[in-house]
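Here's the structure, in structure tokens; my notes come after.
The values are calculated or read from the model by the stated rules, or taken from the named source; none is laboratory data. Predicted, not measured: the structure shown is a model, and the values here were computed from it. Neighbour counts are summed over all protein chains in view; Cβ atoms, including those assigned to glycine, are modelled from backbone coordinates with ideal geometry. All accessible areas refer to the heavy atoms of the entire protein, side chains included, with ligands and DNA or RNA removed. Shrake-Rupley method; radii C 1.70, N 1.55, O 1.52, S 1.80 Å.
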Amino acid sequence: LVGGMGRGEEEREVRGGAPPGIRLLRALRGRWGPGAGGQREFRRRRKAYKCVVLALTFAAYACYHASRKPTSIVKSVLDPEPPRRGARPLPWPVGDVFVVRGPEEEAFLSAAAEAGGAYRRRKKGWAPFDGEDGTVKLGEVDLAFLVFYSMGMYVAGHLGDSLDLRHFLAVGMVGSGCFVGLFGMGYFWGIHVFGYYIAMQVLAGLFQATGWPSVVAVVGNWFGKRRRGLIMGIWNAHTSVGNIGGSLLAASVLDYGWGWSFILPGGLITLGGVMVYFFLAAYPEDVGMPGGESSHGQVDEGGKDEEEAGAAEESGAVASSEQQTGSTNRGTAVGIVEACRIPGVIPFALCLFFSKLVAYTFLYWLPFYLSQTEIGGEYLSVKSAGNLSTLFDVGGIVGGVLAGYISDKLRARALTAASFMYLAIPSVYAYHRYGSASKTMNVVFMMIAGLFVNGPYALITTAVSADLGTHGSLKGDSRALATVTAIIDGTGSAGAALGPLLTGVISRSGWHSVFVMLMIGAFVAGALLSFLVKAEIVQIIRQHRKPLSESARQTGSEGTAAEPLLRG
């Protein structure tokens, strides 16, 4: 076993499957491949590789989301509204973290408040976003990014199943960083041409589309279905961590010019792309491990420990004469049409359309809303609003983990997602209705809304996509992971494009209409899963009836009395 594993791994390294960084570490520390120690040593190394994969994909997609936040942070700088008097810092400890005003900003607020109505006519915005149609133009910038992100997702998913995921993801991250940074360079180059910013968003959206199908496919290659909801729910915190980090990073350099709010996140994701290229083992075969559980159906479905299953697979894989050779031999990629025929793909994709419409409206417009809304009789500064909006994503982290855990326990993804979407309706209403009463109420209801809005969004884009990408109808072909993920998230991204665009138009007549739109979107998202929810409820009832039925048969006469109840 040990000799065969060593030779198999060596063959893969000759073919170039292992990432350069791992090959370098092996050369420096001695061979960190399968060797003496048997199955226990094998399981230890497999767990180590899994941890590295989770950490790298977590950091990679956190960088993706961090690079999307600058536009929401700088909205109020590009198209400022007249500031109001009475904006005072929040008390410690919240004030020191979320409300930061320098002396220059205080002087500016005072002067602008004294100017009154004349401020709007001579405000210090950034052309072409400082006109009367400034909010519409900002909405169009978001639309350009999200439309091409959505369109690129379908192509990126198929390419991700056809190309090496490590190379594909690294190129996408570096390209994203370049165009995010070039958007910010418009500040330093004094560019006021609207088409330039649209073009940068279009190109950034296309490169950003490489991220999600790739990271979900990589994790799906390494992890089986058992506990996938909980693992991916925790792992999916990268979305909220990226949003929080991106908001804080962009807001921290806002005083030096809004261009820096783009350049720093752009540099961060570029650095992340370099790390992915050197250290991410996108496939278990790349580092001498047997194929991931997803590539052989659900190996751990019968309750067997996935590490034991992996060790058993290794024995069979080595004994077989057909050794897989890293990323060079993994079957044929599934087409988009064939992937759409997988049961559950279309309903979950449509559900995600409306779920992301709600989530991305908060993502892109919450900082702007906070800076323009009186909260407890006061108004927050642009930087304070950007920092405070990160608490929505803190609630989202809890929601993603909770949704994954519940769906694992119930074995009901659709029921969990629909329940969260229905609960999001009163949460969003409560935030709009009572969030302005005080700062404490705003924080509490913001985090609750984040929990129920981001919970199903996280569940569908991770565990559900991975489940469907390894569906039994594929007959063991794991090359559908990225394609299925792209179909679901690409459809969802179309909703993500529509939400911020409609908000830019609707908000001109008041924020009440925006929140009505969000509540309708949450309801439709839950309703679209009705048929799947019904099927899962029936399955849960049958699973609970089975033990009762078996117990009744064993107890003789008691079983006869219980039969009518069971049939009922």
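Quick grid of which residues meet (1) touching a strand residue (DSSP E or B) at 6+ places or on another chain (Cβ under 6 Å); (2) assigned to a helix (DSSP H, G or I); (3) at pLDDT 85 or above:
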position	(1), (2), (3)
Pro213	no, yes, yes
Val216	no, yes, no
Asn221	no, yes, no
Gly224	no, no, no
Leu230	no, yes, no
Val241	no, yes, yes
Gly245	no, yes, yes
Leu249	no, yes, yes
- Scope the stretch 42-80; condition of a type in the set (A, V, I, L, M, F, W, C) and outside any helix (DSSP H, G or I); matching residues: none
- Query: Is it the case that some residue within the stretch 511-525 is over 30 Å from Leu370 (Cα atoms) and not acidic (Asp, Glu)?
  - Reply: no
- In the stretch 506-516, anything touching a residue at least 40 places away in the same chain (Cβ under 8 Å) and under 25 Å from the mean Cα position of the chain (by Cα) is listed as Val514, Phe515
- Query: Which of the residues that make up the stretch 363-405 are assigned to a loop (DSSP other than H, G, I, E, B) and charged (D, E, K, R)?
  - Reply: Glu374
- Query: Restricting the search to the stretch 130-166, which residues are in a loop (DSSP other than H, G, I, E, B) and either modelled with pLDDT of 85 or more or farther than 17 Å from Val505 by Cβ (or both)?
  - Reply: Asp130, Leu163, Asp164
- From the list Ala424, Ala463, which one is buried (at least 24 other Cβ atoms within 10 Å of the Cβ) and either at pLDDT below 85 or not in a helix (DSSP H, G or I) (or both)? Ala463
- Message: Checking the conditions here, which among Leu230, Leu163, Leu169 is under 30 Å from Lys50 (Cβ atoms) and without any contact (Cβ under 8 Å) to a residue 24 or more places away in the chain?
- Response: Leu163
- Task: Please specify each residue of the stretch 195-226 satisfying the condition of being β-branched (Val, Ile, Thr) and within 15 Å of Leu165 (Cβ to Cβ).
- Result: Thr210, Val215, Val216, Val218, Val219
- Return a yes/no flag: does the stretch 65-80 have any residue that is of a type in the set (Lys, Arg) and at pLDDT below 50. no
- Message: Considering only residues that are at pLDDT 85 or above, of a type outside the set (A, V, I, L, M, F, W, C) and open to solvent by 10 Å² or more (accessible area, probe 1.4 Å), which ones fall in the stretch 489-509?
- Response: Thr491
- State all residues of the stretch 170-213 that are of a type in the set (Val, Ile, Thr), surrounded by 24 or more Cβ atoms within 10 Å (Cβ to Cβ) and within 13 Å of Phe145 (Cβ to Cβ); if no residue qualifies, say none. Val180
- List every residue pair whose Cβ atoms sit under 9 Å apart, with the two residues 6 or more apart in sequence or on different chains, where the first one lies in the stretch 23-40 and is modelled with pLDDT under 55 and of a type outside the set (Gly, Ala, Ser) and the second, anywhere, is assigned to a loop (DSSP other than H, G, I, E, B) and surrounded by 12 or more Cβ atoms within 10 Å (Cβ to Cβ). Pro34/Leu1; Pro34/Gly288; Pro34/Met289
- Query: Which of the following residues is aliphatic (A, V, I, L, M) and open to solvent by less than 10 Å² (accessible area, probe 1.4 Å): Ala385, Ala430?
  - Reply: Ala385
- Message: Take Ala414 and tell me if it is aliphatic (A, V, I, L, M) and within 29 Å of Ala463 (Cα to Cα).
- Response: yes
